[in-house]
Amino acid sequence: MKVLVIGNGGREHALAWKLSQSERVSQIFVAPGNGGTAHDQRFKNVALTDVKALADFAVEQKIAVTVVGPEAYLAAGVVDEFRARGLRIFGPTKAAAQLESSKAFAKDFMKRHGIPTAAYETFSDPVAAHAYVEKNGAPIVIKADGLAAGKGVVVAMTLAEAHEAIDWILADNKLGVVHNEGGARVVIEQFLEGEEASFIVLCDGKNVISLATSQDHKRLLDGDAGPNTGGMGAYSPAPVVTPNVHAKVMHEIIMPTIQGMARDGIPFTGFLYAGLMIDSHGQPRTVEFNTRMGDPETQPIMMRLKSDLLEVMLHATDGTLDQVELQWDRRVALGVVLAAEGYPLNPRKGDAITGLPAESENAMVFHAGTADKDGTLVTSGGRVLCVTALGESVKTAQQHAYEALSSIQFAGKQYRQDIGHRAVKR
């Protein structure tokens, strides 16, 4: 079978890598792919990003199944286009992808269906937004209402930071976010205390199966300091998601979401990612929804998955996920992101990358912001690589990952040295 993976990041490299382990896969295309997939004979990069061109390619190549990585393609209606042509594709429709593409849609949906989340208001008028912040005080969370590549959230610990974020996102629209209905909007919401975790499930419109839990590190610097990023590292499983918390999340968040979408006439298929805040009493609340796998959470999750991912995708697109039971490596997987100088706001590109370790049973380097330039691997984005390793404990996985990345060199390389610190403390 020929498989198409859409995207060019670390998440897509990890999905393609896992799919390549299936005996039924004859060829894997990655569109557009990155330097890592270009340098690996298991994959063939395809220089396509246009939705219609991708569908044309899938028809021409007789692609058996397509897996979508990034949110932008989902928001652009890639699933609708493929399905209209009778092509098998795993992901949500454009309408269902609004759970991620519009923070306001997601918050209104949660309120309507009684799904636990933070109190909020939505604004398009900067004056009204500033007044709301003055009234409610800090800490408070300011979110761009639209896709912002993981950089549209400001956790403001002071009123000054909150006002600055409103001006940055709303008055100046520095992120360039355009909401589905046009124009910049912000969602301002209550600050939640607790520990974050990523809870990702597969859904075929009716049946739901949960993936291994994970936790990522959003802040740029050690000790969870510095600006928010798309994610500086992740590990799986997340000890904060106890069996009791897991049951609560499925009962109070995931199933009401899937059932609510169906009742609203927008059945959800694809990966559903609930970003959770779990308080000291073990009560989970929804911080956000993503309608695709997380990045960098995908990398450690794929390292731990023992089941054949192609078979899972076929069941997911057939509506028979109730026949699937996923098998997991009992070990911990941990990934550390190596980022370019200037990330997250102004990442430098074009620096040569050297010293990549060979792939092994227990360690893998997944490429994200890399490109091939005349046979040389160079940086081409903010998050460059995710070095992921398995270990018997969080500490051991941590040691293996940091050992594996020690030989990798590129100018301005930055990374956190404490990925997994919360789990180690536990």
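The values are calculated or read from the model by the stated rules, or taken from the named source; none is laboratory data. These numbers were taken from a predicted model, which means no experiment stands behind them. In this analysis, Cβ positions are derived from the backbone assuming ideal geometry, glycine residues included, and neighbour counts consider all displayed protein chains. Side chains are part of the model used for accessible areas, which takes the heavy atoms of the whole protein and leaves out ligands, DNA and RNA. Shrake-Rupley method; radii C 1.70, N 1.55, O 1.52, S 1.80 Å.
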Here, GluC sites (Glu not before Pro) of region 1-71 satisfying both criteria (DSSP loop; at most 14 other Cβ within 10 Å) are 23
For region 287-426, which whole percent of the accessible surface, found with a 1.4 angstrom probe, sits on carbon and sulfur atoms? 43
Could you please state how large a percent of the accessible area of region 1-82 is carbon and sulfur, counting protein chains only and using a 1.4 Å probe? 47
Give me a comma-separated list of calculated 3J(HN,Hα) values for region 355-371, in order, Karplus coefficients 6.51, -1.76, 1.60 applied at θ = phi - 60°, integers in Hz, x for any Gly or Pro. x, 5, x, 5, 5, 9, 4, 10, 8, 8, 9, 9, 8, 10, x, 10, 8
Under a GNM of the chain (C-alpha, springs under 10 Å), which listed residue has the highest mean-square fluctuation: 373, 94, 413? 373
Dipole of the chain, positive direction: furthest Cα of 355, 235, 14, with charges on the beta-carbon: 14
Over the chain, give the accessible area per residue in Å² for a 1.4 Å probe, as an integer. 39
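Calculate, in nm to one decimal, what residue 50 and residue 406 gain on full extension: separation in residues at 0.36 nm each, minus their alpha carbon distance.
Additional length available on full extension: 124.4 nm.
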Mind checking the dipole of region 84-126: about its Cα centre, +1 per Lys or Arg Cβ, -1 per Asp or Glu Cβ, Debye to the nearest 20? 340
Go from 0 up to the bin containing the longest alpha carbon distance in region 1-71, width 5 Å each, and give me the % of pairs per bin. 4, 19, 34, 26, 15, 2
Collect residues whose amide H, placed 1.01 Å from N in the peptide plane, falls under 5 Å from the amide H of residue 351; neighbours closer than 5 in sequence don't count. 379
Over the chain, the sum of -39500 (n - 2.57) across DSSP H runs of at least four, divided by residue number and rounded to 500 deg cm²/dmol, gives at 222 nm -7500 deg cm²/dmol
State to the nearest 20 debye the size of the charge dipole of the chain about its Cα centre, where the only charges are +1 on K and R beta carbons and -1 on D and E beta carbons. 440
Taking a threshold of 18 Å on the Cα-Cα distance, which of the pairs 107/135; 62/306; 52/349; 18/306 fall above it? 107/135; 62/306; 52/349
Quick calc, region 315-408, dipole around Cα centre from Cβ unit charges on Lys, Arg (+) and Asp, Glu (-), nearest 20 debye, gives 420
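Restricting attention to region 241-332, which GluC sites (Glu not before Pro) occupy a DSSP loop and are surrounded by at most 16 other Cβ atoms within 10 Å?
Within region 241-332, the qualifying GluC sites (Glu not before Pro) (loop, at most 16 other Cβ atoms within 10 Å) are 325.
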For region 1-152, calculate the relative contact order in percent as a whole number, restricting contacts to Cα pairs under 8 Å that are 6 or more residues apart. 18
At most 16 other Cβ atoms within 10 Å and a DSSP loop assignment: could you name the trypsin sites (Lys or Arg not before Pro) in region 14-58 that fit? 24, 42
Once you order the gyration tensor axes a ≥ b ≥ c over the Cα atoms, which shape class does region 179-254 get: rounded for a/c under 1.5, otherwise prolate or oblate by comparing a/b with b/c? oblate
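Mind checking the alpha-carbon convex hull of the chain and giving the volume per residue in Å³?
Details: hull volume 57.2 nm³, N = 426.
Given the Cα convex hull of the chain, per-residue volume reads 134 Å³.
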